[in-house]
Amino acid sequence: MNRFKVLFYSLTAVLSVILVLYGLNIFPTPGTDSRVFIPTALLYARGFGLVNPLYDVSVVGVATNVSNAIKFNYYVPFYPMLLGTLGKINPGIKTIFFICSMFSIAGLFLYIRAIASVLPARLSNSMKVFVLCSLVYVATYLIPTVGRPENLTVLLVFMIYILYDRRYELHPALYNLLICVIFGVMFATQIICFYFCFIFFLVFELLNARNLFITILINTARFWGVALIFFAILSASPHGFTDTVDTIRLHASSAMTRSDRSAKLFVHYWLFSQLNFGFLILFLVCTGFYLRTLFVKLKDAKIMRVLMVIALQLMVLYGIARFILYASPTVYNATQFILPLSVYLFLNIISLPKSYLKTAVYSLSILTYVAGTVVFLRVFILFVDYKTDKKDYAAARPIINRLVQNSKNVYITVNLWPLVDDASDVKFFDGVHFKKDDTLIIQQIYLPFANEFLSKCTIIYDWRTTEQRKFLGIPLTNTPQGYSFTVCRVN
């Protein structure tokens, strides 16, 4: 093994340790969507069933869930069920996020194996930087405390990619069984992921088909096999197939009315978000390579094959408009394809002949990877600061639970939910509705103590920290990254 591969695998090991540390230390603080899935997994692990008292589903509760408004039946259930089942070993939030980090690490190791298998015999220094930075870059998409199903679907999508790449190396029966099982699990984990992944799978099946009719028959059979697995998983879930599908439909119809989209939000989530920095650049470059692949494969193809592939592209465009661009934060429906997308980018770049186009694409890609690496390092420096600042999960948890258990009418802001041991004790403060003698616990991260509260509240416990964080004199953020908070009582 040459020295570069030793460095490549060593870097993977370091990144894996960092992801485990993030999971065990509940860092970064879990985002708002995590309260949809992670409390469900935690309660399932503790034997309370598939429920979630922390997510407001009143929009669908009247129609489907009158007797028990905390049922988790408004998303497909496999992700929290899997986390909860594995978490029964030692039910606790650290266990759940540790399992999430294992999914992330599995994806990371599959990525390095895929890249290592296609590395040229000789690499230039710039290509070595490209490969190493791509590894760190994809790790930014694998932060375990994001807490959404994409933590699992990133892995499932890449497994499909690898299986398809090795389709001739496996026995057909085994290959088809694995394809159906993984797609079935994906369907029961994140429906939009399945929608896009299955369409792209069909596209490449049609592009590479030796016999178009047989390929159509085989994939029709696969789809029904996937549908059967999907039906079995939902039927085996605590709320059953019909209840879950009906509620998902109602919940989705409400979610699709989101209005949080604008040019400013699009630029933020697609270019500057620390969880997927510069994703738009890689997405557009890979789209260009994809269109080039379609053109090369279809230029001499028969009309039926061309029409079928075009029909699938129209479904992709519809899906992008309907399921990704309908709200700027839903970029995660696209970023869950980062692992195959990054391998696809690498393969296309090394296959391009020397030209101005290759230089431009290569330069743009490597700059994105280097910038993303800097973002990852920034988050790690903030993690070190988080531990040295002592405002971490371990220190905050007993304080919060003592306050919640010993006081009445206690309301916490949303990112503090992981600190409360009993989810039934959690009541969220929305920043607007409060009354005299309410106790408010206000997080410092993302939501500093607002000045307008000073005249309305009395601070009874101040657990804040210095706001601006610096490294070697360089400001990293104006907001501390820990669980610091302020407790106040409404006058």
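Numerical summary
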read-out	value
At 1.002 mPa s and 20 °C, Stokes diffusion of segment 129-270 via Kirkwood alpha-carbon radius, µm² per second	121
Pairwise FRET efficiency - V316 versus T220, Cβ, R0 = 22 Å, nearest 0.05	0.65
Gap separating the Cα centres of segment 379-393 and segment 93-124, nearest whole Å	25
√(5λ) per eigenvalue of the Cα gyration tensor, segment 291-383, largest first, Å	31, 22, 9
0 to 90° range, to nearest 10: angle between helix 241-255 axis and the chain longest Cα axis	80
Kirkwood hydrodynamic radius (C-alpha pairs) into Stokes-Einstein, segment 210-337, 25 °C and 0.890 mPa s, D in µm²/s	136
Cα centroid separation - segment 240-292 against segment 311-326, whole Å	11
Whole-number percent relative contact order across segment 380-485, with pairs defined as alpha carbons under 8 Å at least 6 apart	31
Distance violations [Cα-Cα > 31 Å] among K71/K408; K94/K128; K264/K297; K88/K387; K387/K436; K387/K427	K94/K128; K264/K297; K387/K436
Efficiency of FRET from Cβ geometry, Y356 and D421, R₀ 60 Å, rounded to 0.05	0.50
Percentage relative contact order, segment 1-151, counting C-alpha pairs under 8 Å, at least six apart	38
Sequence-separation-based contact order of the chain, relative, with Cα cut under 8 Å and 6+ spacing, percent	17
Solvent exposure, largest accessible area first (probe 1.4 Å, DNA, RNA and ligands not counted), of V146, V361	V146, V361
For segment 422-433, 3J(HN,Hα) per residue [Karplus equation, 6.51 cos²θ - 1.76 cosθ + 1.60, θ = phi - 60°, Hz, x = Gly/Pro]	9, 4, 5, 7, 7, 10, 8, 9, 8, x, 10, 9
Bins of 5 Å from zero: percent of alpha-carbon pairs in segment 103-186	3, 13, 20, 19, 18, 14, 9, 4, 1
Isolated Cys in the chain, by beta carbon distance under 4.7 Å	C100, C133, C180, C193, C197, C286
Nearest-20 debye value, the chain charge dipole, Cβ charges on Lys, Arg, Asp, Glu	1100
Semi-axis lengths, Å, segment 1-152, gyration tensor of Cα atoms, sqrt of 5 times eigenvalues	38, 15, 12
Cβ-based charge dipole, the chain, positive-most Cα from F231, I303, L416	I303
Per-selection metrics, the chain (Cα): Rg and Dmax in Å	23.9, 77
Largest-first ellipsoid semi-axes for segment 272-315, taking √(5λ) over the Cα gyration tensor eigenvalues, angstrom	30, 12, 5
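The values are calculated or read from the model by the stated rules, or taken from the named source; none is laboratory data. Owing to the predicted nature of the structure, the values given are computational and were not obtained by experimental measurement. As a convention, Cβ positions derive from the backbone with ideal geometry for all residues, glycine included, and neighbour counts pool all protein chains shown. These accessible areas exclude ligands, DNA and RNA; they are computed on the full protein's heavy atoms, side chains included. Shrake-Rupley method; radii C 1.70, N 1.55, O 1.52, S 1.80 Å.
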